[in-house]
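> Structure incoming, see below.
The values are calculated or read from the model by the stated rules, or taken from the named source; none is laboratory data. Being a predicted model, the structure only gives us computed values, none of them experimental. Here Cβ is always computed from backbone atoms with ideal geometry, including for glycine, and neighbour counts include all displayed protein chains. These area figures cover heavy atoms from the full protein model, side chains too; ligands, DNA and RNA do not enter into them. Shrake-Rupley method; radii C 1.70, N 1.55, O 1.52, S 1.80 Å.
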Amino acid sequence: MSDSVGFWKRFLAGFLDFLIVSAPVAIIFGLITSDWENENFSTFVNFLYLLIAPIIWYGYTVGKRILGIRIVRVDGKKLGIGTMLMRNFVATLVYAVTLGIGYIVSAFMVGLRKDHRSIHDFIAGTYVTSNKP
């Protein structure tokens, strides 16, 4: 796990993804439907983006690409749908069941561990690196 990436770069990449992808999708959906309270569609589109973009773009999302970081598997194999489902869907269930405490623990893990892996990284067998594909 060479060149693993710590908390602030990962946080900033997520924030950039929100600004560049998630917020515009939510605004466009709200303008089209005039339903600003029902965000099921934009949430689903965002989930698909976070699920599919790293698979087809060598571990990058838009925010990660801007910062030059990407998701990779620990075993070196290519990311697949199963890996990304574990990373996004199963990990979200774990964070929900723990009422967000798991998410806070993950943030500390990324900030304090030498390998910078969070709970969702362990669930999926991934880590975030600055190495190019």
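> Filter segment 78-117 down to the residues that are of a type in the set (S, T, Y) and either touching a Leu at 6+ places or on another chain (Cβ under 8 Å) or open to solvent by 80 Å² or more (accessible area, probe 1.4 Å) (or both) and list them by number.
Residues of segment 78-117 of a type in the set (S, T, Y): 83, 92, 95, 98, 103, 106.
Scanning segment 78-117 gives T92, Y103.
> Which number in (1) surrounded by 15 or more Cβ atoms within 10 Å (Cβ to Cβ); (2) outside any helix (DSSP H, G or I) marks the one condition that D75 misses?
(1)
> Do any residues in segment 15-28 that are over 12 Å from I66 (Cβ atoms) have Cβ atoms under 7 Å from those of residues that are open to solvent by 30 Å² or more (accessible area, probe 1.4 Å), where the two are at least six apart or on different chains, and which pairs are they?
Within 7 Å, the pairs are S22/N46; V25/V45; V25/N46; A26/E39.
> Okay, next question. Could you tell me whether segment 46-59 includes any residue that is in contact with a Lys or Arg (Cβ under 7 Å, 6 or more places away or on another chain), of a type outside the set (A, V, I, L, M) and open to solvent by less than 40 Å² (accessible area, probe 1.4 Å)?
There is at least one residue in segment 46-59 that is in contact with a Lys or Arg (Cβ under 7 Å, 6 or more places away or on another chain), of a type outside the set (A, V, I, L, M) and open to solvent by less than 40 Å² (accessible area, probe 1.4 Å).
> Would you check which residues across segment 22-40 are surrounded by fewer than 16 Cβ atoms within 10 Å (Cβ to Cβ) and not in a loop (DSSP other than H, G, I, E, B) and list them?
Answer for segment 22-40, where residues must be surrounded by fewer than 16 Cβ atoms within 10 Å (Cβ to Cβ) and not in a loop (DSSP other than H, G, I, E, B): A23, P24, I27, I28, L31, I32, T33, N40.
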